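Q: Encoded as structure tokens, here's the structure I'll be asking about.
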């Protein structure tokens, strides 16, 4: 045996492995670094967005709440546990009931300090996290603003229920938890250390000190239940019962009083427990506690049920009348519908010649281009390359073109990385970084082939709205992070446009905007490599000293981060404002604590056929909402600007105090931006949902529920979803001009006939913005609703004959557009565009081919809206639609040559030549489109249009 060989001795202690402690320490360091990374990169993001104050206020408040709540809970529980240990008997009592308990006592005596430290850390962490989650509750309480409205029962300002009551209930809940866990921990220690004995036959089971300690803890715990019962009296104002949300007769006359009595009984019970310090008889306070529990069951459950069954149910309408009145008034105020104007409307059902003459201004506002249908058309004609895309549902806006305001269908050509062939890291992160250009079409015009008439199109943008910064770095489609920027003189690597470069190739660009977080130094690179779990950020040579990282790119994300107290609308829409493409996001202040107001699901109220899943509202219940803020997100640099809109909203005032200087005054909104602001989509959906029942202000009618309205299902969609509201310009009966409005219709519950037509002035620049009006249909005359009218239109013989070639041959298919409802001619006009689309194959897209209308029982279909209207109104609708088709405006009242006037002699050879030229130009246009040459495509379309005009002229048209 070698002299260096050692034989271990049995008495030599075995060395512990250092692996496990090392792993624990390393894991702790890694977790702390990840936590630091998330916090610090969040700060960098907010600094880059210029909202550092929002981060600072939230972070410091969260830290303070974490420390204070964690420290209080830890000191309370650990302190009472240590006190119980200190109050242990001076001499060790006899053996405990089991060996296990003996081992516990030995462990507690030998490692008491370590156990207390461990207990304190665990309690502090869990309690601190709970406290940190109450940032908004705390800030709202500290900065609360009165509503100036008192509840009818207790006379408290609404602010008490919205800001104060939630905070106090949470405080009581935390103190209750503190005392319950302290009592349990102290009781266990007293028992293990022998101060608390439960063995049978022992005369003295508990030491005096232990009994006093536990009596105080139990007494304070019971006292917290008494305080909770006291607060329950006010919580009935925001509780949903079998009739309504808010106070009912049974609540007022039974539950409120019962909660008060229970609070008093429980408080007396708490005093008895505390007095047990001197009485030293557990039977008295325990008996009182049992009595309190029994009393609580009798008073809060059985007694109210008896009052409801015996006193209320037989006389419910009369008993509940004042509470229903308060509930209706509070609900209408909370949802901003207390000023809605309801007018009885006897809709004219007969169509006569010239009937629309008085409504001439409204006809050009009938939007025929359906934003829910033409997205594939935008894709095929304006996508240019597979790595660009448009949303599935486009947006509606307004622009002044040549001095005339016109409704427009708009979309942004965003980057879609799913269409990339080469998905290397450099391509995904540094080359394909942005989309390009706003695309817009007239809302009531089309080209000869049924395509939209463009307001702005192509790359680079051309058209009436061409001059703007076209690069789209922030939008709804591209959600992955990008790395942009480079030192001066460095060759650009970001793909800017597919053409326009040297030799007609790609053009490249370097981002020079203010958006993004600087990652030029190694420390920031390390942090973001950790956050994004991407080591290429550290290793790639394309990340340089001038680099920035762009992430959290959707407008809704950025607004929600800049103002976490807001709820962003599910639909952000693009607009061209002062040469910049911006996203406009309506934002709301909401609460579910407004007293006596009806509570609804925000998700369900805002869902319809056009709800987009990624941006749908969360499943949140609310009973108050205001469009308090208009937010603007720049599509190039991602900057977020918040403008106060409803400056009188107490919630907005509260949050402006909590986060000073983050929201600008309404007066700072520029006129150019104001032109594009509109009434919010989700707010209108919520209000129409509530108005389905709360248009009724009479308590008895509301109680009987015999006048309920519902939103009809979309007659065009097949998914049984509610019909979405429509944005268009309408002329209200009796008004002098058409107004840009949000519109919707109601049908009676369980029926399909029309109950009401509703519109709100959506033009933010109008002095009557937000004016909400309803036309209530006569109860003695049935007016068909959307589904009935759609059925009558598609089954009409004339319509069926025009559509039969597309429905039966299989080479093309019919796509029905939005069924618009308009109050015109003393009645209601239904108008619907009909698109045709190639049934299969690449390059297929919907083209506007027909327009159908219905007034009363008469249905018309034409190649143009004017033609369809003239069919319905005896050959003369009485006004011009202003609709442009094939380059010329179709004016109402013009008579074809065969009906009047002197027709020009037809030049058939000239017409044939012109038609051949048009056909050739159309074929060349299609070839250019397939090759992605949008400029040549547009020129050929113009040539084809001119040739068609020559053909018309040659034929005497």
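The values are calculated or read from the model by the stated rules, or taken from the named source; none is laboratory data. This structure is a prediction, so every number in the text was calculated from the model and none was measured. Heads up, the Cβs are rebuilt from the backbone with ideal geometry, glycines too, and the neighbour counts pull from every protein chain shown.
Q: Return the pairs, sorted by first residue and then second, in which the second residue is in a loop (DSSP other than H, G, I, E, B) and modelled with pLDDT of 90 or more, the first residue lies in region 444-455 and is within 12 Å of residue 381 (Cα to Cα), the beta carbons are less than 6 Å apart, and the residues are 6+ apart or on different chains.
A: Sorted first by the residue in region 444-455, then by its partner, the pairs are 452/369.
Q: Give region 711-749 a look and list any residue that's within 30 Å of residue 315 (Cβ to Cβ) and surrounded by fewer than 17 Cβ atoms within 10 Å (Cβ to Cβ), or say none. Even if it seems obvious, please write down each step before you answer.
A: Filtering region 711-749 for residues within 30 Å of residue 315 (Cβ to Cβ) gives 748-749.
Across region 711-749, the qualifying residue is only 749.
Q: Let me ask something else about it. With 127, 150 as the choices, which residue is touching a strand residue (DSSP E or B) at 6+ places or on another chain (Cβ under 9 Å) and in the same structural domain as residue 106 (by TED's automatic domain parsing)? Steps first, please.
A: On the way: 127 fails: touching a strand residue (DSSP E or B) at 6+ places or on another chain (Cβ under 9 Å).
Within the list 127, 150, the selection yields 150.
Residue by residue, here is whether (1) farther than 30 Å from residue 748 by Cβ; (2) touching a strand residue (DSSP E or B) at 6+ places or on another chain (Cβ under 7 Å); (3) outside the structural domain of residue 580 (by TED's automatic domain parsing) holds:
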site: 600; (1), (2), (3): no, yes, no
site: 627; (1), (2), (3): no, yes, no
site: 640; (1), (2), (3): yes, yes, no
site: 646; (1), (2), (3): yes, yes, no
site: 654; (1), (2), (3): yes, no, no
site: 666; (1), (2), (3): yes, yes, no
site: 677; (1), (2), (3): yes, yes, yes
site: 689; (1), (2), (3): no, yes, yes
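Q: Any idea how many residues of region 140-165 are in contact (Cβ under 8 Å) with a residue 40 or more places away in the chain, surrounded by fewer than 21 Cβ atoms within 10 Å (Cβ to Cβ) and under 30 Å from residue 181 (Cα atoms)?
A: The number of residues fulfilling the criteria is 2.
Q: Can you tell me which residue in region 158-207 is modelled with the lowest pLDDT, limited to those that are touching a strand residue (DSSP E or B) at 6+ places or on another chain (Cβ under 6 Å) and not in a helix (DSSP H, G or I)?
A: Taking region 158-207 first, the residues touching a strand residue (DSSP E or B) at 6+ places or on another chain (Cβ under 6 Å) are 162, 190, 196, 206.
Cutting the leftovers down to not in a helix (DSSP H, G or I) gives us 196, 206.
Details: 196: 76, 206: 73.
Checked region 158-207; the qualifying residue modelled with the lowest pLDDT is 206.
Q: Follow-up question, since we're still on this one. Of all residues in region 419-444 being more than 30 Å from the chain's Cα centre (by Cα) and outside any loop (DSSP other than H, G, I, E, B), which is surrounded by the most Cβ atoms within 10 Å (Cβ to Cβ)?
A: Of the residues in region 419-444, the ones more than 30 Å from the chain's Cα centre (by Cα) are 420-427, 430-431.
The next check asks that each one be outside any loop (DSSP other than H, G, I, E, B); those that pass are 425-427, 430-431.
Working: 425: 15, 426: 15, 427: 17, 430: 22, 431: 18.
By that ranking, first place goes to 430.
Q: Looking only at region 332-358, which residues are in a helix (DSSP H, G or I) and either closer than 28 Å to residue 262 by Cα or touching a strand residue (DSSP E or B) at 6+ places or on another chain (Cβ under 8 Å) (or both)?
A: Residues of region 332-358 that are in a helix (DSSP H, G or I), as a first pass: 332-334, 357-358.
Passing the criteria: only 334.
Q: For residue 782, state whether it is outside any loop (DSSP other than H, G, I, E, B) and touching a strand residue (DSSP E or B) at 6+ places or on another chain (Cβ under 9 Å). Break it down stepwise before answering.
A: Details: outside any loop (DSSP other than H, G, I, E, B): no; touching a strand residue (DSSP E or B) at 6+ places or on another chain (Cβ under 9 Å): yes.
For residue 782, the condition - outside any loop (DSSP other than H, G, I, E, B) and touching a strand residue (DSSP E or B) at 6+ places or on another chain (Cβ under 9 Å) - is not met.
Q: Checking residue 475 against (1) out of contact with any helix residue (DSSP H, G or I) (no Cβ under 9 Å at 6 or more places or on another chain); (2) assigned to a loop (DSSP other than H, G, I, E, B); (3) buried (at least 21 other Cβ atoms within 10 Å of the Cβ): exactly one of these is not met. Which one?
A: (1)
Q: Do you know which residues across region 748-763 are under 26 Å from the mean Cα position of the chain (by Cα) and not in a loop (DSSP other than H, G, I, E, B)?
A: In the first step, residues of region 748-763 are kept if they are under 26 Å from the mean Cα position of the chain (by Cα); the result is 757-763.
Scanning region 748-763 gives 757, 758, 759, 760, 761, 763.
Q: Here is a follow-up. Is it the case that region 801-815 has a residue that's within 30 Å of residue 758 (Cα to Cα), in contact with a strand residue (DSSP E or B) (Cβ under 9 Å, 6 or more places away or on another chain) and part of a strand (DSSP E or B)?
A: Let us first name the residues in region 801-815 that are within 30 Å of residue 758 (Cα to Cα), namely 814-815.
Of the ones still in play, those that are also in contact with a strand residue (DSSP E or B) (Cβ under 9 Å, 6 or more places away or on another chain) are 814-815.
Now narrow it down to the ones that are part of a strand (DSSP E or B): 814-815.
Taking every residue of region 801-815 in turn, at least one turns out to be within 30 Å of residue 758 (Cα to Cα), in contact with a strand residue (DSSP E or B) (Cβ under 9 Å, 6 or more places away or on another chain) and part of a strand (DSSP E or B).
Q: Please go through region 368-413 and pick out each residue that is closer than 30 Å to residue 737 by Cβ, touching a helix residue (DSSP H, G or I) at 6+ places or on another chain (Cβ under 7 Å) and crowded, with 20+ Cβ neighbours inside 10 Å.
A: Filtering region 368-413 down to residues closer than 30 Å to residue 737 by Cβ leaves 368-374, 393-411.
Okay, now just the ones that are also touching a helix residue (DSSP H, G or I) at 6+ places or on another chain (Cβ under 7 Å), so 368, 393-394, 407, 411.
Result: 368, 394, 407, 411.
Q: Pick out the one residue from 520, 513 that is touching a strand residue (DSSP E or B) at 6+ places or on another chain (Cβ under 9 Å), under 30 Å from residue 627 (Cβ atoms), surrounded by 14 or more Cβ atoms within 10 Å (Cβ to Cβ) and at pLDDT below 95.
A: Working: 520 fails: under 30 Å from residue 627 (Cβ atoms).
The conditions single out 513.
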